[in-house]
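For reference, the structure discussed in these notes is given below.
The values are calculated or read from the model by the stated rules, or taken from the named source; none is laboratory data. Everything numeric here is computed off the predicted structure, so don't read it as measured data. Cβ placement follows ideal geometry from the backbone for every residue including glycine, while neighbour counts extend to all protein chains displayed. With ligands, DNA and RNA removed, areas are computed over all heavy atoms of the protein, side chains included. Shrake-Rupley method; radii C 1.70, N 1.55, O 1.52, S 1.80 Å.
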Amino acid sequence: MSDYNFAYLDEQTKRMIRRAILKGLAVPGYQVPFASREMPMPYGWGTGGVQVSAASLTPDDTLKVIDQGADDTTNAVSIRKFFEKTAGVETTEETEKASIIQTRHRIPEAELTEDQILVYQVPIPEPLRFLEPRETETRKMHALQEYGLMHVKLYEDISQHGAIATAYAYPVKVEGRYVMDPSPIPKFDNPKMEMAAIQLFGAGREQRIYAVPPYTKVVSLDFEDYPFEASKADHACDLCAAKDSYLDEVILDDAGNRMFVCSDTDYCRSRRDAGHTGRLGEEAA
Amino acid sequence: MMIELNNVSKSFTLHNQGSAVIPVMENATLSVKPGECVGLTGASGAGKSTLMRVIYGNYLAASGSVMVDGVDVAKAEPREILTLRGETLGYVSQFLRVVPRVPALDVVAEPLLAVGTPLEQARDTAASLLAQLNIPERLWNLSPTTFSGGEQQRVNIARGFAYGYPALLLDEPTASLDAQNRATVLGLIEGAKARGAAIIGIFHDETARQQVCDRFVDVSGFAPQAAA
Amino acid sequence: MTPLLQVQNVAKFYGARIGCTDVSFDLYPGEVMGIVGESGSGKSTLLNSLAGHLPPDQGEVIFDTRANGPVDTVTMSEPERRMLSRTDWAFVHQHARDGLRMSVSAGGNIGERLMAVGDRHYGGIRAQAADWLGRVEISESRIDDRPSAFSGGMQQRLQIARNLVTGPRLVFMDEPTGGLDVSVQARLLDLLRGLVREMGLSAIIVTHDLAVVRLLADRLMVMKDGRVVETGLTDQVLDDPQHGYTQLLVSSVLQV
């Protein structure tokens, strides 16, 4: 097959990463430092998620990789191929069939189960970084639960835009303790984080791993008079007519025509296979 | 007795000029009871203002006791002296010292505010005093730092009489005032006596002195050489 | 009456060099104390040691907490001390930049302490921020502007509002009027005096400007080479200084 060790990383490194993952699961939302390795891809391409996936994979696993919900974008295809080559595991595009799903910026629409692990790629793990540049200070703030600053960010949002304009990477409080950056998922996905699957977060450049165990309480921060809203574009999918999925807006021409489609490609395809058809379903198909 | 001094002495030590010690007062003994006005006399430089500053706590007495309403100013903690100054002991100095920008009306009302008088009431009292002392109403909302010397002096007096201190120190309150304003100030002093204030004053003006003072103390008697 | 702050034998050393040593005093509720001395006299070291920014090497800084009465802030846990510094204590820096978040609007700057103690009502936070802008004489229309768009005097007033919004009982000030124009200084001093009286604040003000302490401070502590050389009623220390160094300091002030 190949001369790679299973899933590229050496066993010692995988153990080190697994220890970080276990610690992360034990202290939900806490950012565990780990010795991130050089991976054969640039930072920003998911090196953190790839290392977490590599440490979690077993030969029996089935891997799915999505980027912004899609299985067929460059980033997703590259990572899928990477593991096909280095681990030889099965891959799939179907959410239900996957045991490990590595994701960039989305949570699949289909409800995940206790048999699944969701691995997030995280660019900047520190939710307080926006207002406090000092790492020593942000660590102390986490340790002492000094999270007033997080609300200053939301206050600024409302004062500037009349509403909480933060649409992605919307900060959450995990199990009533740590404030956590959910990675740049749309805030539409935030409520889904209270799920049955294990959620692992890997930041390669920043060398941090954190985790949310199954059925953990995840609360999006807000104000009493400006409550959190999981918003999405007010349309149905133009291909599969789904009204409950997160949509991407696609510009069709320079005459202002556009379409809204599910960002979760597997979800959209499975609905169309089941016979649902949206406004532009026939033509696009 | 409201004010009672016993064997008070005062000297200045000039540490930066060969530690020269300049004695300025010895064995000052004096008492004033409520409703009484005592005039300090003595040549210029005899130590009238110095004595007043010692009583007010502005100068530190070297020895002796300076009792004002039961508090020994010579030994009291700063906060005790501040309480005394706020509630008991008023002082009208020759110079007005204020925060720039504060309007004259508020400068006068401040001693009342310090004892908890509501703002409106304090300003009413202040306005009536400024009117009595002929400060034109158009000046009330300006800082006294821009006023003439005579006007500043009158603002200073108004401030000293805004609150009914049980003890008052007046350092030449009638200096540089015209006849009409002088009469007003003397009226204020008589009013203070009538309500029982113990007053020590320095008056250069003979008629003013005779009008309000019950007796006189010549501070030349406290000069160090006299004791020697 | 229980002192609000009891400082006992506080010392801070930088290696073998003395930062400050043998400092003891009591501060009562409503009292404003000035600490004066030239650069390097240890006054800022002392202030930072008292305010918990520097751990003192010796001594006790006992604060009369609302919940538990007098507690030594030097030995209390860091979370407790940090909570104190967000609620009952305030610190006004000489440079407003050190005390403000320059990338956050004026309203957000004032609201931060409220949110830090759990205020979660946007409308309420904003109303308090607007009220405080008014109290420090900044137009409410500037509430969404960043402090970088403010003049030096306005920044300093904003810093004061940001600190006082939680109704602290003790304010530490490090050269609060330093670097400001004389006219701007006067306005700030007047404002501080008013706030101190209205709110019954206790304050410790470090400055080298004797005019500032004459107007603001009830009592004075004069420091030289890390030690207190003289204390007393402000006007008494300035008009009748007893120590040679204080006499030198007072006589060095240029008369205008």
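Just give me the residues in the stretch A:81-119 being open to solvent by 70 Å² or more (accessible area, probe 1.4 Å), more than 22 Å from A:Thr216 (Cβ to Cβ) and in a loop (DSSP other than H, G, I, E, B), in sequence order.
A:Glu94
Would you mind stating whether C:Pro176 is away from every other protein chain (no Cβ under 12 Å) and surrounded by fewer than 23 Cβ atoms within 10 Å (Cβ to Cβ)? The answer is no for C:Pro176.
Among the residues of the stretch B:58-71, those identified as in contact with a strand residue (DSSP E or B) (Cβ under 6 Å, 6 or more places away or on another chain) and either more than 16 Å from B:Ser9 (Cβ to Cβ) or open to solvent by 50 Å² or more (accessible area, probe 1.4 Å) (or both) are B:Ala62, B:Ser63, B:Met67, B:Val68.
Annotation for the stretch A:268-277: at least one member residue is farther than 27 Å from A:Pro191 by Cβ and either open to solvent by 50 Å² or more (accessible area, probe 1.4 Å) or not assigned by TED's automatic domain parsing to the domain that holds A:Asp67 (or both). Residues that are aliphatic (A, V, I, L, M) and surrounded by 15 or more Cβ atoms within 10 Å (Cβ to Cβ) within the stretch A:122-143 comprise A:Val122, A:Ile124, A:Leu128, A:Leu131, A:Met141, listed in sequence order. Taking the listed residues B:Gly45, B:Gly18, the one that is over 21 Å from B:Val92 (Cβ atoms), at pLDDT below 95 and in a loop (DSSP other than H, G, I, E, B) is B:Gly18, with no other qualifying. Looking only at the stretch B:50-73, which residues are in contact with a helix residue (DSSP H, G or I) (Cβ under 8 Å, 6 or more places away or on another chain) and within 12 Å of another protein chain (Cβ to nearest Cβ)? The answer is B:Arg53, B:Tyr56, B:Gly57, B:Asn58, B:Tyr59, B:Leu60, B:Ala61, B:Val73. Among the residues of the stretch B:107-122, is any at pLDDT 95 or above, hydroxyl-bearing (Ser, Thr, Tyr) and open to solvent by less than 40 Å² (accessible area, probe 1.4 Å)? Checked the stretch B:107-122: no residue is at pLDDT 95 or above, hydroxyl-bearing (Ser, Thr, Tyr) and open to solvent by less than 40 Å² (accessible area, probe 1.4 Å). If you go through the stretch C:95-104 one residue at a time, how many are surrounded by fewer than 21 Cβ atoms within 10 Å (Cβ to Cβ) and either more than 12 Å from every other protein chain (Cβ to nearest Cβ) or in contact with a Gly (Cβ under 9 Å, 6 or more places away or on another chain) (or both)? So the count comes out to 4.
Yes or no: the stretch A:240-251 includes at least one residue that is within 14 Å of chain C (Cβ to nearest Cβ), open to solvent by less than 60 Å² (accessible area, probe 1.4 Å), of a type outside the set (Phe, Trp, Tyr) and farther than 28 Å from A:Tyr43 by Cβ. Taking every residue of the stretch A:240-251 in turn, none turns out to be within 14 Å of chain C (Cβ to nearest Cβ), open to solvent by less than 60 Å² (accessible area, probe 1.4 Å), of a type outside the set (Phe, Trp, Tyr) and farther than 28 Å from A:Tyr43 by Cβ. Residues of the stretch B:127-160 that are more than 20 Å from B:Gln94 (Cα to Cα), touching a residue at least 24 places away in the same chain (Cβ under 8 Å) and aliphatic (A, V, I, L, M): B:Leu139, B:Leu142. Annotation note: of C:Val206, C:Val222, C:Val212, the sole residue that is surrounded by 21 or more Cβ atoms within 10 Å (Cβ to Cβ), within 17 Å of C:His93 (Cα to Cα) and in contact with an Asp or Glu (Cβ under 6 Å, 6 or more places away or on another chain) is C:Val206.
In the set C:Gly118, C:Gly124, C:Gly107, C:Gly111, only one residue is at the interface with chain A (Cβ under 10 Å from one of its Cβ atoms), out of contact with any helix residue (DSSP H, G or I) (no Cβ under 6 Å at 6 or more places or on another chain) and not in a loop (DSSP other than H, G, I, E, B); that residue is C:Gly124.
Okay, residues lined up against (1) in contact with a Lys or Arg (Cβ under 7 Å, 6 or more places away or on another chain); (2) assigned by TED's automatic domain parsing to the domain that holds C:Asp209; (3) surrounded by fewer than 19 Cβ atoms within 10 Å (Cβ to Cβ); (4) of a type outside the set (Phe, Trp, Tyr):
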site: C:Thr21; (1), (2), (3), (4): yes, yes, no, yes
site: C:Leu27; (1), (2), (3), (4): no, yes, no, yes
site: C:Glu31; (1), (2), (3), (4): yes, yes, no, yes
site: C:Gly37; (1), (2), (3), (4): yes, yes, no, yes
site: C:Asn48; (1), (2), (3), (4): no, yes, no, yes
site: C:Asn68; (1), (2), (3), (4): no, yes, yes, yes
site: C:His93; (1), (2), (3), (4): no, no, yes, yes
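So, in the stretch B:12-49, of the ones that are closer than 30 Å to C:Leu248 by Cα, open to solvent by less than 30 Å² (accessible area, probe 1.4 Å) and of a type outside the set (A, V, I, L, M, F, W, C), which residue ends up farthest from the other protein chains (Cβ to nearest Cβ)? Per the criteria, the residue is B:Lys48.
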